[in-house]
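Notes follow the structure.
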């Protein structure tokens with residue numbers, strides 16, 4: 001989706017150090033998820049520049065809450081201009097942190 005939405009560089013953040021390690025050094029990994037990692041790298045190849053970053057779990061509250069919301073609702077979705085009311089405060093906090101940094 002990022003390739004469809006922007007022609008600029010993209011930063012993919014995750015609180016899973018192992019996954020970020022696999023994405024940053026795919027030739028060295030031998031995990032059971034190697035095919036999934038390969039698909040992710042193939043998709044990332046359609047974006048001009050992608051940076052994979054490990055972040056702490058405390059910095060990933062929005063993604064964590066979205067994952068739990070998807071589990072509770074038993075489906076996932078994409079919101080381009082709006083988000084569920086239950087996570088608005090996290091979206092605002094995330095956007096403000098990005099502006100400060």
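The values are calculated or read from the model by the stated rules, or taken from the named source; none is laboratory data. Worth saying up front: this structure is predicted, and the values here are computed from it rather than measured. Cβ atoms come from the backbone with ideal geometry, glycine included; neighbour counts cover every protein chain shown.
Key figures for this structure:
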{"item": "Filter result (touching a helix residue (DSSP H, G or I) at 6+ places or on another chain (Cβ under 6 Å), part of a helix (DSSP H, G or I) and under 11 Å from residue 15 (Cα atoms)) within the stretch 52-73", "result": "61"}
{"item": "Residue 17 vs. criteria exposed (fewer than 14 other Cβ atoms within 10 Å of the Cβ), touching a residue at least 12 places away in the same chain (Cβ under 8 Å) and more than 16 Å from the chain's Cα centre (by Cα)", "result": "no"}
{"item": "Test result for residue 76, assigned to a loop (DSSP other than H, G, I, E, B), surrounded by 12 or more Cβ atoms within 10 Å (Cβ to Cβ), modelled with pLDDT under 85 and touching a helix residue (DSSP H, G or I) at 6+ places or on another chain (Cβ under 8 Å)", "result": "no"}
{"item": "Which numbered condition residue 42 misses (of (1) in a helix (DSSP H, G or I); (2) surrounded by 10 or more Cβ atoms within 10 Å (Cβ to Cβ); (3) out of contact with any strand residue (DSSP E or B) (no Cβ under 6 Å at 6 or more places or on another chain))", "result": "(2)"}
